[in-house]
Amino acid sequence: MTTSLPTTPLGAAGPVVGRIGLGLMGISAFYTGAGQDDAGGARTILGALDRGVTLLDTAEIYGPYANEELLGRTLAESGRRDEVVIATKFGTIRHTGDGGRGLDGSPANLRLSVEGSLRRLQTDRVDLYYQHRMDPGVPIEETVGALADLVAEGKIGGYGLSEAAVDTIRRAHAVHPVTAVQTEYSLWSREPEAELLPALRELGIGFVPYSPLGRGFLTGAIRSVDALAADDFRRDNPRFAGEALDANLRIVEVIEQVAAAAEATPAQVALAWLLAQGEDIVPIPGTRRLDRLDENIAAAGITLTPQQLAQLDAVAPAVGDRYADMTPLNR
Ligand SMILES: NC(=O)c1ccc[n+]([C@@H]2O[C@H](COP(=O)([O-])OP(=O)(O)OC[C@H]3O[C@@H](n4cnc5c(N)ncnc54)[C@H](OP(=O)(O)O)[C@@H]3O)[C@@H](O)[C@H]2O)c1
């Protein structure tokens with residue numbers, strides 16, 4: 001298959017990547033069907049490579065570990081490791097303690113984390129290594145100092161921060177340049193526009209919107225949580241709860257109207273809107289399925305009219321917080 005996806009540099013100094021990446025989380029964790037079809041997940045990963053997707057997003061916490069293991073196995077067996085930019089994340093498992101969940105940005109934890117990720121990913125370097133959540137107990141300068149050591153040793157190509165406050169990003173960037181920031185951003189999560197995006201542009205840091213399809217909601221495929229597995233993360237997410245979900249369906253209605261006019265699908269409209277926000281934005285929609293991968297990356301070929309973009313810009317803000325517990329975010 002020929003590569004059809006355009007490319008873009010991830011920030012001023014980051015790698016060149018396909019305009020749309022692939023989020024691997026749902027293959028192994030948090031969503032309905034996770035962990036049930038590794039062969040299908042591997043096919044989706046390799047299909048993504050065939051189509052010009054190069055930024056593959058995982059984390060040690062996805063599974064935990066199963067998602068990194070699947071990616072490592074798939075790339076090793078196919079011999080295609082060098083075609084991709086592997087992004088993974090640390091900082092939400094305490095390897096220095098009992099190995100349980102918890103924030104830990106200490107240099108000691110970082111060392112143990114990266115060695116584990118390298119082993120599972122069957123590679124000698126992580127291309128982009130994100131701190132998944134900031135640790136209020138460890139100054140960011142200390143964590144970034146240790147990350148800079150890993151860059152110098154060639155164990156990571158660069159580092160990123162996920163859900164960090166603008167002030168933290170500035171402090172980190174002063175110690176060692178940040179390659180990319182990853183935060184939730186989509187038609188129903190527009191908080192990054194006020195302060196985060198302008199700051200990233202000023203500093204030359206790439207932006208990777210996660211959950212760009214609103215965890216599937218913006219595609220119109222989820223109209224109640226009834227069809228979701230009992231342990232699906234979205235059942236406990238305030239935006240998917242009862243009246244909030246009903247209110248948020250008004251956002252989907254607008255996306256569906258624009259999709260009909262643009263002769264596109266709602267998922268494609270949600271992604272095309274994101275891509276229209278700037279060349280420095282590389283969304284990472286997640287899917288386990290090849291047909292949806294095709295649908296999603298075709299969004300890179302869709303140009304919404306100014307009227308359609310304005311219609312989308314005008315959607316009502318989402319009802320409900322992004323997480324049941326918002327305290328680990330934006331710090
Ligand atoms: N840094 C962080 O804290 C953080 C947090 C969350 C996620 N992430 C990253 O961001 C990636 C993407 O986010 P996400 O997976 O949470 O949400 P998302 O990309 O907004 O949506 C994924 C969901 O939408 C479904 N879907 C995908 N394409 C579709 C289509 N065309 N039509 C209908 N449904 C579709 C998927 O189901 P199927 O799999 O069944 O297609 C999945 O349930 C993750 O994989 C992960 O790598 C990072």
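If you check His132, His95 for being touching an Asp or Glu at 6+ places or on another chain (Cβ under 9 Å), surrounded by 18 or more Cβ atoms within 10 Å (Cβ to Cβ) and touching a residue at least 40 places away in the same chain (Cβ under 8 Å), only one passes: His132.
Of a type outside the set (A, V, I, L, M, F, W, C), within 10 Å of the ligand (Cβ to nearest atom) and farther than 18 Å from Pro15 by Cα: does that describe Ser211? When the stated conditions are applied, Ser211 passes them.
Within the range 275-316, how many residues turn out to be among the charged types (D, E, K, R), within 14 Å of the ligand (Cβ to nearest atom) and in a helix (DSSP H, G or I)? Number satisfying all stated conditions: 4. Taking the numbered list (1) of a type outside the set (Val, Ile, Thr); (2) in contact (Cβ under 8 Å) with a residue 40 or more places away in the chain; (3) near the ligand (Cβ under 9 Å from one of its atoms) in turn, Gln268 passes all entries but (2).
Matching residues to (1) within 14 Å of the chain's Cα centre (by Cα); (2) surrounded by 18 or more Cβ atoms within 10 Å (Cβ to Cβ); (3) more than 14 Å from Leu147 (Cβ to Cβ); (4) among the aromatic types (Phe, Trp, Tyr):
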residue: Asp167; (1), (2), (3), (4): no, no, yes, no
residue: Val175; (1), (2), (3), (4): no, no, no, no
residue: Glu184; (1), (2), (3), (4): yes, yes, yes, no
residue: Arg201; (1), (2), (3), (4): no, no, yes, no
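Number of residues in the range 223-248 that are farther than 23 Å from Asp57 by Cα and either near the ligand (Cβ under 8 Å from one of its atoms) or part of a helix (DSSP H, G or I) (or both) equals 12.
Name the single residue that is nearest to the ligand (Cβ to nearest atom) among those in the range 14-44 being of a type in the set (Gly, Ala, Ser) and within 21 Å of Thr303 (Cβ to Cβ).
Our first condition is that a residue be of a type in the set (Gly, Ala, Ser); within the range 14-44, this holds for 14, 18, 21, 23, 26, 28-29, 33-35, 39-42.
If we keep only those that are within 21 Å of Thr303 (Cβ to Cβ) too, we end up with 18, 21.
Numbers: Gly18: 15, Gly21: 8 Å.
Looking at the filtered set, the residue picked out is Gly21.
Take Asp236 and tell me if it is surrounded by fewer than 17 Cβ atoms within 10 Å (Cβ to Cβ) and in contact (Cβ under 8 Å) with a residue 40 or more places away in the chain. In short, yes.
Scanning the range 156-180 for residues that are assigned to a loop (DSSP other than H, G, I, E, B), touching a strand residue (DSSP E or B) at 6+ places or on another chain (Cβ under 7 Å) and over 23 Å from Met326 (Cβ atoms) yields Gly157, Gly158, Thr179. A single member of Gly11, Gly72, Gly47, Gly63 is under 17 Å from the mean Cα position of the chain (by Cα), of a type outside the set (S, T, N, Q), within 16 Å of the ligand (Cβ to nearest atom) and surrounded by 15 or more Cβ atoms within 10 Å (Cβ to Cβ), and it is Gly63.
Just so you know, all these numbers are worked out from the coordinates, no wet-lab data involved. Quick caveat, the model's predicted, so the values are computed rather than measured. Note that we place each Cβ from the backbone using ideal geometry, even for glycine, and neighbour counts take in every protein chain shown.
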